[in-house]
1. Kindly express, to the nearest 10 degrees and within the range 0 to 90, the angle between helix 247-257's C-alpha long axis and the longest C-alpha principal axis of the chain.
2. Hey, any idea what Rg/Rh is for the range 309-360, computing Rh the Kirkwood way over Cα pairs?
3. Measure off 7 Å from each Cα along the Cα-to-Cβ vector at Tyr386 and Leu193, then give the distance between these two points in nanometres to one decimal.
4. With an 8 Å cut-off on Cα pairs and a minimum separation of 6 or more residues, tell me the relative contact order of the chain in percent.
5. Starting from a Cα-only point model with no solvent, please compute log10 I(q)/I(0) by Debye for the range 551-646 at q = 0.11, 0.15, 0.18 1/Å.
6. What translational diffusion coefficient, to the nearest whole µm²/s, does the range 345-452 have by Stokes-Einstein, given a Kirkwood radius computed over alpha-carbon pairs, a temperature of 37 °C and 0.692 mPa s viscosity?
7. Taking every pair of Cα atoms in the range 75-168, average 1/r, invert it to obtain the Kirkwood radius, and report Rg/Rh to two decimals.
8. For His373 and Arg602, compute 0.36 nm times the residue count separating them, minus their Cα-Cα distance, and round to one decimal in nm.
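Any read-out appearing in this document is the output of simple, stated calculations on the displayed coordinates, not a laboratory observation. These numbers come from a predicted model, not from an experiment. Ideal geometry is used to build each Cβ from the backbone, glycine not excepted, and the neighbour counts take in all protein chains shown.
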Amino acid sequence: MEGQALKRLPQLFAGRFRVVALILVAYLTFNTLLRLGLLAFNGDRALLAPAHFLPIVGIGLVFDLAAACWWLPPFALIAAFWPDGPRAQRALRAALGVSSGLTFAVWAFVGAAEFVFWNEFASRFNFIAVDYLIYTREVIGNIRESYDLRPLFAGIGAITLLILALSWQRIKRAAEPTGMPWRGRLGRLAVFLLLPAVSFFGVDARYKDYSDHAQATQLAGNGHYEFWHAFRTNEIDYAQFYKTESTELIYKILRSEFEHIGPQHFTAKSRLAVERDIVGRGPEKRLNVVLMTVESLSAEFLGAFGNRSKLTPRLDRLADEGLLFTRIYATGTRTVRGLEAVTLSIPPTPGNSIVKRPNNDRLYTLGEVFAEHGYEPLYIYGGYGYFDNMNAFFGGNGYTVIDRTAIPKEAIHMENIWGVADEDLYTLALGELDRRAAAGRPFFAHLMTTSNHRPFTYPEGRVDVPSGSGRAGAVKYTDWAIGDFIDRARAKPWFDNTVFVILADHTASGRGKTGLPVEQFRIPLIIYSPANIGPARIDTLASQIDVAPTLLALLNFSYRSHFFGHDIIAEGPRHRRAFLANYQTVGYLEDDILLELRPQRRWRLVDPASGAELPPSERGKQLLEEAVGYYEGASEAYRSGTLRRP
């Protein structure tokens, strides 16, 4: 039977259906070459070893075939229904030439986009690409400002013409009349129309997960397939795909994580296990707070963390004069993850950040705690706040939102597609803070910067690196702008009564051989208030979700907490852990072990230093319980509405 099926396979592409075979072969060839190009661009020679290279090519072919199935039906429809005859032949030749040329152009364009995306994220298309499809203004603007598009489009055109030239003789032969009966045409058409369904139900995204090497598994995928897979799975139900425990056990695990605060502080009969009453350790300090989340500020950029390039002299000085936390890890690789962690103090549940999910208003936030204490929470952003749903999220949670629209054109030194230069954001913030201070109101202002982002442009003359020349210059400018902001704030009457919190939203890169390269999640946290907080260095392993409880503890605030984070200074040494995520894989880190939770209820223990998988152990089982407790507890709290205020 198998032999007969193989003999009949060429007949499937007989007559005008030869154009379908042409498209199939061209697609497979193009994507194999694209995969090899990305492999070379990635630059990791270890992937050339047969143990990696052969699966990358072999598994990649499977995904290419799956994606190709969706490109074949339009050509099969043309082959099935186009009439015979000399005049029809000429028209068919033209129709196949145009449709093939447009198809090849789309492939070339997507291929170029894959190189751009890989350069930014070391990944085939994923949920980030899906999200960016919504914000075409920012994404297209970023590409235009970051790359010279003339050679890019010239290359796309050249590749399109080359594929068309190589295919032209076969296209002409496919246009020749064959006199195939309708029964033969419709039978072949039915097969090609059925193939997308076979592809959809028969191919699983997990097929490419043959290795724990992150780039290897990405290269084994197909960009078209990955995009639509991400589109379909943009929201992930934790309980459906990840390891779970009973509600009673999750509740018990989470309560045990905070038992050191004393059982008398837990609220009775609360559905939220982490709900507890925090009691300030002294008289409340009614200090103003300026929380600065800085775009893509990896810890590795700072001299305080060992960098010798002198990129951050002002930040290094602030680190020496304030509280420097040296082992803080971001929860994710995107701004919305950082905003979620700092604002909600919640682990990074699989899927999209809560900032972008529905029903994310009226939550218990850091701003809500300040509001209960008589502060006005502000969110001040240098870009347009519709991006990534920032306006809706912060506005729906009681913040006064102020964005790029509040800055008059004449007050802008420079702007790119992401927003105004950081110095202009800080000028806007200073004006807003002056008004609140003059009215006698304490303020809590959350600032979000944009300059340390591709295309890395900023006003000329600020630093000794030309604008737009790369990340190093953007980091230097970011540092200069922060220092300039602190200098200008120092002249304000409210300066001595203000705490400045400086941390990154995420790092500059999530690249690594593993899905969660731990050191690529390390970020700086500096708390600076020379009149109120003495300098110190805190080396406790902690998470971005711990920033809010730590800040509130420094102010001696008493409040009812719905936060999953804890005070790094007082509580952190008793339980050192951090949370990491890359959308589908979520991690729970303790000093020498990283526990990863993955879809299909999989989990594993990893050595954070080498990325090697560790054998099961009793400690691993304990970490598994804790990780499931946090992630399932947080997911269920959001899903059920327990995180929302009445």
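1. Roughly 50 degrees between the two axes.
2. 1.13
3. Rounded to a tenth, the inter-label distance reads 4.0 nm.
4. Reported relative contact order: 19 percent.
5. -0.41, -0.72, -0.95
6. 223
7. The Rg/Rh ratio comes out at 1.12.
8. Length difference between fully extended and current span is 78.1 nm.
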